[in-house]
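Here is the structure we will look at, set down as structure tokens.
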Amino acid sequence: MIKIMLSRKLGELRWTQADLARKTGIRPATINELYHEIAERVSLEQLDSICEVLDCDLSEILVRVPNDEHLTERTNEKMKV
């Protein structure tokens, strides 16, 4: 699962969603979806713009977390062997 850490990053910088939308030119609704981790898609151009404006690496905004369900399936398969 991919976790979007934008809310944490904006909090660290004391920026609002509106600040980020203004500085990146990304629609406020899109920023809001990223902030609340409900976005299903985001363009590479938008991610690049966000990283540029926030002066950060992509790894500070997006993090891959192992899917619990996937891990449970793997564990069950190993137990069968």
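Which of the residues belonging to region 42-59 are assigned to a helix (DSSP H, G or I) and either open to solvent by 60 Å² or more (accessible area, probe 1.4 Å) or modelled with pLDDT under 95 (or both)?
Initially, region 42-59 is screened for residues assigned to a helix (DSSP H, G or I), giving 44-54, 58-59.
Within region 42-59, LEU44, GLU45, ASP48, GLU52, LEU58, SER59 qualify.
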For region 23-36, what are the residues that are more than 15 Å from GLY11 (Cα to Cα) and either part of a loop (DSSP other than H, G, I, E, B) or in contact with a strand residue (DSSP E or B) (Cβ under 7 Å, 6 or more places away or on another chain) (or both)? GLY25, ILE26, ARG27
Residues within region 1-22 that are in a helix (DSSP H, G or I) and aliphatic (A, V, I, L, M), tallied: 6
Go through region 9-41 and report how many residues are surrounded by 12 or more Cβ atoms within 10 Å (Cβ to Cβ), within 13 Å of LEU62 (Cα to Cα) and without any contact (Cβ under 8 Å) to a residue 24 or more places away in the chain. 0
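The values are calculated or read from the model by the stated rules, or taken from the named source; none is laboratory data. None of these values were measured; they are calculated from a predicted model. When we count neighbours, we look across all protein chains shown, and the Cβ atoms used for this are built from the backbone with ideal geometry, even at glycine. Areas reflect the complete protein model, heavy atoms only, side chains present, ligands, DNA and RNA absent. Shrake-Rupley method; radii C 1.70, N 1.55, O 1.52, S 1.80 Å.
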